[in-house]
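The values are calculated or read from the model by the stated rules, or taken from the named source; none is laboratory data. All of these numbers come straight from a predicted model, not from anything done at the bench. Here Cβ is always computed from backbone atoms with ideal geometry, including for glycine, and neighbour counts include all displayed protein chains.
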Amino acid sequence: MSLTKPRFIEEHILCRLQGGPRKATDLLAEIGESRKLTKQGFYAALRKLKEDEEVVAYKGTVSLNTAWVRAMEEAADAMRAAYLPGNERAGMFALGAGESVSYVFANTRHLDAFWGHAQSAIIARTPASEPVYSYDPHYWFYIARESTEKKLVADIAKAGRQFLMTAGGETYLDRSIRADFNGDSLQYHMERIFDARNKYVVVIGEYITEVMLDPKVAEQIDAVYRSARSLDASASEALAKMLAVRARHKIRISRNARKAQGLKAKLGKNFFIRSANSEEM
């Protein structure tokens, strides 16, 4: 989600609500002036924001949900600590060899926002010849927020970098997205690498991101994957709800070239890895 350069209708709505509550009809008229927009499309986006508890509406007036505003403040504080100079907390780019920094989040959406920004920042600081090695027990973000995640992996490929995803499950939902990863740039493999069903790992260059989801949330996600027999609206909605669940998630970012090399060997064994020289040819 981008609130500085909005692309989607939901983002345009949130941007225009930053200054205070607005009439829904006024929002529709303003957004419609800057982009092609139907009334049906606008109200569908508004319903989604209400379901995600990002906005509230009463008698035709739309406001930001104050709980969501506080959540964004918490996420911004975590990102400020990670990136901006002069902060007393150690940020991930102040890490020396073998050092790490950890954060705790009380909401899956906040974790996801910080995780995405952290990954983008690491990518910006590593050569395009360094693939993104990723392990998820289930790649459920690809279903829960499909448009955002597809754009993320497409941008990685567009920049000339490989995205190598290993999913730890082999259920119907795990298999259902496999066809989207059909080239050298985007590759997908299913195999359980780590015993913990709530452990997520991303390796880029010498940076390692390890995420431990709250076990209760991980179990709920696992339950959706075990029961789903089709990739329909009910499955995606059930997974999307996980983003708003209050829980205790942990994320640790490490800078450790030796450990990163070992994880790359473990996570990359089932993929075609382009050599740095092949990028130059």
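Identify all residues within the stretch 143-171 that are in a loop (DSSP other than H, G, I, E, B) and either closer than 26 Å to Ala265 by Cβ or of a type in the set (S, T, N, Q) (or both); write none if there are none. Give the derivation first.
So in the stretch 143-171, the residues in a loop (DSSP other than H, G, I, E, B) come out as 145, 159-162, 168-171.
Across the stretch 143-171, the qualifying residues are Ala159, Gly160, Arg161, Gln162, Gly168, Gly169, Glu170, Thr171.
Test of understanding: among Leu49, Leu28, which residue is modelled with pLDDT of 85 or more, in contact with a Phe, Trp or Tyr (Cβ under 8 Å, 6 or more places away or on another chain), surrounded by 12 or more Cβ atoms within 10 Å (Cβ to Cβ) and of a type in the set (A, V, I, L, M)? Can you show your working first?
Numbers: Leu49 fails: in contact with a Phe, Trp or Tyr (Cβ under 8 Å, 6 or more places away or on another chain).
On inspection, the qualifying residue turns out to be Leu28.
Being at pLDDT 90 or above and either touching a Leu at 6+ places or on another chain (Cβ under 7 Å) or assigned by TED's automatic domain parsing to the domain that holds Tyr188 (or both) is the requirement here; does Arg246 meet it? Steps first, please.
Working: at pLDDT 90 or above: no; either touching a Leu at 6+ places or on another chain (Cβ under 7 Å) or assigned by TED's automatic domain parsing to the domain that holds Tyr188 (or both): yes.
Answer is no for this residue.
Within the stretch 78-100, is there a residue that is surrounded by 13 or more Cβ atoms within 10 Å (Cβ to Cβ) and modelled with pLDDT of 80 or more?
So far as the stretch 78-100 goes, yes, one or more of its residues are surrounded by 13 or more Cβ atoms within 10 Å (Cβ to Cβ) and modelled with pLDDT of 80 or more.
If a residue has to be part of a helix (DSSP H, G or I) and either touching a Leu at 6+ places or on another chain (Cβ under 8 Å) or modelled with pLDDT under 85 (or both) to count, how many in the stretch 112-142 make the cut?
Within the stretch 112-142, the first condition is being part of a helix (DSSP H, G or I), and the residues that meet it are 112-124, 141-142.
Still in the list and also either touching a Leu at 6+ places or on another chain (Cβ under 8 Å) or modelled with pLDDT under 85 (or both): 112-114, 116-118, 120-121, 124.
Qualifying residue count, the stretch 112-142: 9.
Taking into account only those residues within the stretch 235-278 that are among the hydroxyl-bearing types (Ser, Thr, Tyr) and in contact with a helix residue (DSSP H, G or I) (Cβ under 9 Å, 6 or more places away or on another chain), which is farthest from Lys48 (Cα to Cα)?
Ranking the candidates gives Ser254 first.
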